[in-house]
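Read the structure below first, then the notes.
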Amino acid sequence: MNDNFNCPFCGSSFPLIDDTYRYNVVSFDSINRGFHATEQTDALKVEMFKCPTCKETIARTLGIGSKYRGVVTNIYPKSLAKQFPDFIPQQIREDYEEAYSIVNLSPKASATLSRRALQGMIRDFHGIKKSRLVDEIDALEEIVTIPEKTVLDSIRNIGNVGAHTEKDINVILEIKPGEAENLLKVIEFFMNSWYIARHNVEVLFGKVNDTKQRLNEDKKKLK
């Protein structure tokens, strides 16, 4: 495999090579005879990822075949949600983590929680509180870029599919697990570009200001 994997524990990205990625496939016919190296119909692909940075081992199963296809079960950790620092409000982190925990079980519900996490971030980080999320996103027009505003509105629209029933109850709109996961990756992007970027700037500026303060104190000692 040539793809990279992002560690949910430390956030580092690493290539999927023999030292970091192993898998085997088990089916009903092989379950009492050990793992087979070839993929079979209606089987489970057991995957393990070894992070070279934090040394954690991530484990999950992936369904194969007509009945199991697309069924992903995270063994450790329970979801691939990243661990964000506690200077991001707890409610936002909980919505994000819960959305990730059900991204394969209920993509619609996951998308709804992503929408809720987005609204929480807009209200907390930017201090914009209106009766409708669409109005809150419109208020960001001079703050975010056009692509950012467009994707924020897309999250709102996709999240609405899970939050609201269509007028025609016979109309069923489905969200795929991969599509719901993409929403979560955008939530991660804004957590990084808003909260973590601000925190990093505050830390950096603080260090520079501390240096100035130290130099001023050193000057006084020389007098």
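The values are calculated or read from the model by the stated rules, or taken from the named source; none is laboratory data. Everything numeric in this text was worked out from a predicted model, so none of it was measured. In this analysis, Cβ positions are derived from the backbone assuming ideal geometry, glycine residues included, and neighbour counts consider all displayed protein chains. Just so you know, the surface numbers come from the protein's heavy atoms only, side chains and all, with ligands and any DNA or RNA stripped out. Shrake-Rupley method; radii C 1.70, N 1.55, O 1.52, S 1.80 Å.
Total residues in the range 49-71 satisfying the condition of being open to solvent by 40 Å² or more (accessible area, probe 1.4 Å) and either assigned to a strand (DSSP E or B) or touching a residue at least 24 places away in the same chain (Cβ under 8 Å) (or both): the figure is 13.
Test ILE88 against the criterion of being of a type outside the set (D, E, K, R), farther than 17 Å from CYS7 by Cα, in a loop (DSSP other than H, G, I, E, B) and open to solvent by less than 80 Å² (accessible area, probe 1.4 Å), and give yes or no. Break it down into steps so the answer makes sense when it comes.
Numbers: of a type outside the set (D, E, K, R): yes; farther than 17 Å from CYS7 by Cα: yes; in a loop (DSSP other than H, G, I, E, B): yes; open to solvent by less than 80 Å² (accessible area, probe 1.4 Å): yes.
So ILE88 fits the description; yes.
Out of LYS108, LYS82, I need the residue that is open to solvent by 20 Å² or more (accessible area, probe 1.4 Å), touching a residue at least 24 places away in the same chain (Cβ under 8 Å) and closer than 22 Å to GLU148 by Cβ. Which one? When all the criteria are applied, what remains is LYS82. Determine if the range 120-139 includes at least one residue that is among the aliphatic types (A, V, I, L, M), in a helix (DSSP H, G or I) and surrounded by fewer than 20 Cβ atoms within 10 Å (Cβ to Cβ). Yes: the range 120-139 contains one or more residues that are among the aliphatic types (A, V, I, L, M), in a helix (DSSP H, G or I) and surrounded by fewer than 20 Cβ atoms within 10 Å (Cβ to Cβ).
A residue that is in a helix (DSSP H, G or I) and of a type outside the set (Gly, Ala, Ser) can be found somewhere in the range 104-111.
A quick yes/no check of all residues on (1) of a type outside the set (Asp, Glu); (2) at pLDDT below 95:
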residue	(1), (2)
VAL134	yes, no
ILE137	yes, no
GLY162	yes, yes
ILE169	yes, yes
GLU174	no, yes
VAL208	yes, no
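TYR100 - would you say it is at pLDDT below 95, buried (at least 18 other Cβ atoms within 10 Å of the Cβ) and in a helix (DSSP H, G or I)? Criteria met by TYR100.
Just name the residue that is surrounded by the fewest Cβ atoms within 10 Å (Cβ to Cβ) out of those in the range 181-223 that are part of a helix (DSSP H, G or I) and basic (Lys, Arg). Walk me through how you get there before you give the answer.
In the first step, residues of the range 181-223 are kept if they are part of a helix (DSSP H, G or I); the result is 181-222.
Still in the list and also basic (Lys, Arg): 185, 198, 207, 212, 214, 219-221.
Details: LYS185: 11, ARG198: 12, LYS207: 9, LYS212: 9, ARG214: 10, LYS219: 9, LYS220: 8, LYS221: 6.
That would be LYS221.
Taking the range 39-48 on its own, how many of its residues are part of a strand (DSSP E or B), within 23 Å of LYS176 (Cα to Cα) and open to solvent by 40 Å² or more (accessible area, probe 1.4 Å)? Full working, then the answer.
Step one: list which residues in the range 39-48 are part of a strand (DSSP E or B), which gives 43-48.
Restricting the remaining residues to those that are within 23 Å of LYS176 (Cα to Cα) gives 43-47.
Those left that are additionally open to solvent by 40 Å² or more (accessible area, probe 1.4 Å): 44, 46.
Adding up the residues that qualify gives 2.
For the range 109-143, a tally of residues being under 17 Å from SER193 (Cα atoms) and of a type in the set (A, V, I, L, M, F, W, C) returns 8.
Checked against the criteria, SER13 counts as of a type in the set (Gly, Ala, Ser) and at pLDDT 85 or above.
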